[in-house]
Amino acid sequence: MPKTVIATERLILRSALPQDFEPLFSRIFGDARVTKYLGGEPLGREKARTFFDDAFDHEGTGRKIGVLVTRSDHAVVGYAGLKLFDALGDEDYEIGFVLESAVWGRGYATEIGRAQLEYGFRTTGRPRLVAQVRPANIASAQALRKIGMTFLKEYERPGLGTWDIYVRQRRA
(Lines give C-alpha, C1' and ligand atoms only; values in the text may rest on other atoms or scores of the structure.)
Protein backbone atom coordinates (compact mmCIF):
# COMPACT_ATOMS: atom_id res chain seq x y z
CA MET A 1 0.00 0.00 0.00
CA PRO A 2 1.57 3.34 -0.98
CA LYS A 3 2.04 6.02 1.64
CA THR A 4 0.62 9.45 0.81
CA VAL A 5 3.10 12.26 1.46
CA ILE A 6 1.13 15.20 0.03
CA ALA A 7 -2.44 15.42 -1.25
CA THR A 8 -3.81 18.40 -3.17
CA GLU A 9 -7.14 19.01 -4.87
CA ARG A 10 -6.12 17.06 -8.00
CA LEU A 11 -2.85 15.28 -7.15
CA ILE A 12 -1.29 12.84 -4.72
CA LEU A 13 2.44 12.60 -4.05
CA ARG A 14 3.11 9.16 -2.65
CA SER A 15 5.73 6.53 -2.03
CA ALA A 16 7.02 4.66 -5.06
CA LEU A 17 5.80 1.17 -5.87
CA PRO A 18 7.60 -1.35 -8.11
CA GLN A 19 4.84 -1.07 -10.72
CA ASP A 20 5.48 2.70 -11.06
CA PHE A 21 8.70 2.09 -12.97
CA GLU A 22 7.11 1.25 -16.33
CA PRO A 23 4.84 4.32 -16.59
CA LEU A 24 7.68 6.56 -15.37
CA PHE A 25 10.04 5.02 -17.88
CA SER A 26 7.71 5.46 -20.85
CA ARG A 27 6.32 8.89 -19.89
CA ILE A 28 9.30 10.59 -18.25
CA PHE A 29 12.70 8.86 -18.33
CA GLY A 30 12.36 7.83 -21.96
CA ASP A 31 10.69 10.98 -23.33
CA ALA A 32 13.10 13.44 -24.99
CA ARG A 33 10.58 16.29 -24.57
CA VAL A 34 10.86 15.86 -20.79
CA THR A 35 14.51 14.87 -20.38
CA LYS A 36 15.79 17.87 -22.33
CA TYR A 37 14.71 19.95 -19.31
CA LEU A 38 16.52 17.59 -16.95
CA GLY A 39 19.86 18.14 -18.58
CA GLY A 40 20.15 15.33 -21.02
CA GLU A 41 18.90 12.64 -23.31
CA PRO A 42 16.30 10.02 -22.48
CA LEU A 43 17.59 7.41 -20.04
CA GLY A 44 18.14 3.85 -21.09
CA ARG A 45 16.28 1.21 -19.13
CA GLU A 46 19.27 0.29 -16.93
CA LYS A 47 20.08 3.90 -15.94
CA ALA A 48 16.41 4.63 -15.40
CA ARG A 49 16.05 1.56 -13.17
CA THR A 50 19.08 2.58 -11.08
CA PHE A 51 17.70 6.13 -10.72
CA PHE A 52 14.28 4.80 -9.72
CA ASP A 53 15.73 2.31 -7.22
CA ASP A 54 18.17 4.76 -5.63
CA ALA A 55 16.50 8.18 -5.75
CA PHE A 56 12.82 7.44 -5.20
CA ASP A 57 11.03 7.34 -1.85
CA HIS A 58 9.99 3.70 -1.59
CA GLU A 59 9.36 4.01 2.16
CA GLY A 60 7.23 7.19 2.16
CA THR A 61 9.65 9.26 4.25
CA GLY A 62 8.84 12.52 2.47
CA ARG A 63 12.58 13.22 2.03
CA LYS A 64 13.11 11.75 -1.43
CA ILE A 65 11.39 11.86 -4.79
CA GLY A 66 7.88 10.45 -4.76
CA VAL A 67 5.48 9.42 -7.49
CA LEU A 68 2.90 11.97 -8.56
CA VAL A 69 -0.53 10.59 -9.48
CA THR A 70 -3.89 12.12 -10.26
CA ARG A 71 -6.43 11.93 -7.48
CA SER A 72 -9.28 11.01 -9.81
CA ASP A 73 -7.83 7.80 -11.27
CA HIS A 74 -4.36 7.40 -9.68
CA ALA A 75 -2.66 7.64 -13.07
CA VAL A 76 1.09 8.28 -12.84
CA VAL A 77 1.77 11.77 -14.27
CA GLY A 78 5.27 12.44 -12.96
CA TYR A 79 7.37 12.75 -9.86
CA ALA A 80 8.05 15.39 -7.24
CA GLY A 81 9.28 15.76 -3.71
CA LEU A 82 11.73 17.18 -1.24
CA LYS A 83 15.37 16.19 -1.23
CA LEU A 84 18.57 17.48 0.32
CA PHE A 85 20.36 20.18 -1.66
CA ASP A 86 23.86 21.37 -0.75
CA ALA A 87 24.96 23.51 -3.71
CA LEU A 88 24.53 26.71 -1.66
CA GLY A 89 26.85 25.56 1.12
CA ASP A 90 24.08 24.85 3.61
CA GLU A 91 21.76 21.95 4.32
CA ASP A 92 18.83 23.09 2.23
CA TYR A 93 15.89 21.14 0.95
CA GLU A 94 14.92 21.35 -2.69
CA ILE A 95 11.38 21.09 -3.99
CA GLY A 96 10.87 19.80 -7.49
CA PHE A 97 8.41 18.49 -10.02
CA VAL A 98 8.77 16.62 -13.29
CA LEU A 99 5.62 16.03 -15.30
CA GLU A 100 4.90 13.94 -18.37
CA SER A 101 4.42 16.13 -21.43
CA ALA A 102 0.79 15.00 -21.89
CA VAL A 103 -0.24 16.96 -18.77
CA TRP A 104 1.79 20.13 -19.32
CA GLY A 105 -0.26 23.30 -19.13
CA ARG A 106 -2.83 22.02 -16.61
CA GLY A 107 -1.45 23.87 -13.59
CA TYR A 108 -0.13 20.71 -11.92
CA ALA A 109 3.37 22.19 -11.41
CA THR A 110 1.98 25.19 -9.55
CA GLU A 111 -0.37 23.00 -7.52
CA ILE A 112 2.26 20.50 -6.38
CA GLY A 113 4.90 23.21 -6.00
CA ARG A 114 2.70 25.20 -3.61
CA ALA A 115 1.92 22.05 -1.61
CA GLN A 116 5.61 21.12 -1.43
CA LEU A 117 6.46 24.55 -0.01
CA GLU A 118 3.83 24.18 2.68
CA TYR A 119 4.91 20.63 3.47
CA GLY A 120 8.61 21.50 3.36
CA PHE A 121 8.41 24.44 5.73
CA ARG A 122 6.16 22.48 8.08
CA THR A 123 8.36 19.37 8.24
CA THR A 124 12.00 20.46 7.73
CA GLY A 125 12.36 23.44 10.05
CA ARG A 126 14.61 25.08 7.44
CA PRO A 127 14.45 28.87 6.95
CA ARG A 128 14.34 28.52 3.16
CA LEU A 129 13.53 26.04 0.43
CA VAL A 130 15.17 25.98 -2.98
CA ALA A 131 14.38 24.77 -6.47
CA GLN A 132 16.50 24.40 -9.58
CA VAL A 133 15.45 24.66 -13.18
CA ARG A 134 17.12 24.70 -16.58
CA PRO A 135 17.11 28.26 -17.99
CA ALA A 136 15.28 27.03 -21.11
CA ASN A 137 12.43 25.60 -19.02
CA ILE A 138 10.38 28.78 -19.02
CA ALA A 139 7.12 27.11 -17.93
CA SER A 140 8.69 25.61 -14.79
CA ALA A 141 10.41 28.90 -13.94
CA GLN A 142 7.03 30.64 -14.25
CA ALA A 143 5.47 28.07 -11.93
CA LEU A 144 8.24 28.69 -9.37
CA ARG A 145 7.67 32.45 -9.52
CA LYS A 146 3.91 31.92 -9.25
CA ILE A 147 4.38 30.10 -5.92
CA GLY A 148 6.52 32.92 -4.55
CA MET A 149 10.02 31.71 -5.31
CA THR A 150 12.61 34.19 -6.57
CA PHE A 151 15.66 33.73 -8.77
CA LEU A 152 18.88 33.61 -6.72
CA LYS A 153 21.64 32.69 -9.15
CA GLU A 154 22.90 30.46 -11.94
CA TYR A 155 25.18 27.58 -11.21
CA GLU A 156 26.92 24.77 -13.06
CA ARG A 157 25.86 21.24 -12.23
CA PRO A 158 28.73 18.86 -13.01
CA GLY A 159 27.92 17.07 -16.23
CA LEU A 160 24.48 18.70 -16.51
CA GLY A 161 25.25 22.29 -17.51
CA THR A 162 23.83 25.57 -16.27
CA TRP A 163 20.84 25.67 -13.93
CA ASP A 164 18.98 28.52 -12.23
CA ILE A 165 18.41 28.36 -8.48
CA TYR A 166 15.22 29.81 -7.01
CA VAL A 167 14.57 30.31 -3.29
CA ARG A 168 11.70 31.01 -0.98
CA GLN A 169 12.21 32.16 2.59
CA ARG A 170 9.96 30.95 5.38
CA ARG A 171 7.30 33.56 6.08
CA ALA A 172 6.66 34.65 9.63
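Only a single item in (1) exposed (fewer than 15 other Cβ atoms within 10 Å of the Cβ); (2) outside any helix (DSSP H, G or I); (3) touching a helix residue (DSSP H, G or I) at 6+ places or on another chain (Cβ under 8 Å) is not met by Gly62, and it is number (1). Ala16 meets all of the listed conditions (1) assigned to a loop (DSSP other than H, G, I, E, B); (2) without any contact (Cβ under 8 Å) to a residue 12 or more places away in the chain; (3) surrounded by 15 or more Cβ atoms within 10 Å (Cβ to Cβ) but one, namely (2).
Residues that are part of a helix (DSSP H, G or I), hydroxyl-bearing (Ser, Thr, Tyr) and more than 22 Å from Val34 (Cβ to Cβ) within the stretch 119-154 comprise Tyr119, Thr123, Thr124, listed in sequence order.
The set of residues from the stretch 65-106 being closer than 19 Å to Tyr166 by Cα and either touching a Ser or Thr at 6+ places or on another chain (Cβ under 7 Å) or assigned to a loop (DSSP other than H, G, I, E, B) (or both) comprises Gly81, Leu82, Asp86, Ala87, Leu88, Gly89, Asp90, Glu91, Tyr93, Ile95, Gly96. From the list Phe21, Phe25, the one residue that fits, being at pLDDT 95 or above, more than 24 Å from Ala139 (Cβ to Cβ) and not in a loop (DSSP other than H, G, I, E, B), is Phe21.
Summed over the stretch 37-54, the residues that are assigned to a helix (DSSP H, G or I) and either without any contact (Cβ under 8 Å) to a residue 24 or more places away in the chain or out of contact with any Lys or Arg (no Cβ under 8 Å at 6 or more places or on another chain) (or both) give a count of 10.
Taking the stretch 126-147 as the range and being surrounded by fewer than 18 Cβ atoms within 10 Å (Cβ to Cβ), under 17 Å from Asp92 (Cα atoms) and in contact with a helix residue (DSSP H, G or I) (Cβ under 8 Å, 6 or more places away or on another chain) as the test, only Arg126 passes.
One residue is enough: does the stretch 40-55 have a residue meeting the conditions more than 19 Å from Arg14 (Cα to Cα) and basic (Lys, Arg)? Within the stretch 40-55, one or more residues are more than 19 Å from Arg14 (Cα to Cα) and basic (Lys, Arg).
Within the group Leu84, Leu43, Leu68, which residue is surrounded by fewer than 12 Cβ atoms within 10 Å (Cβ to Cβ), over 16 Å from Asn137 (Cα atoms), hydrophobic (A, V, I, L, M, F, W, C) and out of contact with any Cys (no Cβ under 9 Å at 6 or more places or on another chain)? Of Leu84, Leu43, Leu68, the one residue that is surrounded by fewer than 12 Cβ atoms within 10 Å (Cβ to Cβ), over 16 Å from Asn137 (Cα atoms), hydrophobic (A, V, I, L, M, F, W, C) and out of contact with any Cys (no Cβ under 9 Å at 6 or more places or on another chain) is Leu84. Residue count for the stretch 50-80 under the criterion of being over 20 Å from Ile95 (Cβ atoms) and basic (Lys, Arg): the result is 0.
The values are calculated or read from the model by the stated rules, or taken from the named source; none is laboratory data. Everything quoted here is computed from the prediction, not taken from an experiment. Note: ideal-geometry Cβ built from the backbone for every residue, glycine included; neighbour counts use all protein chains shown.
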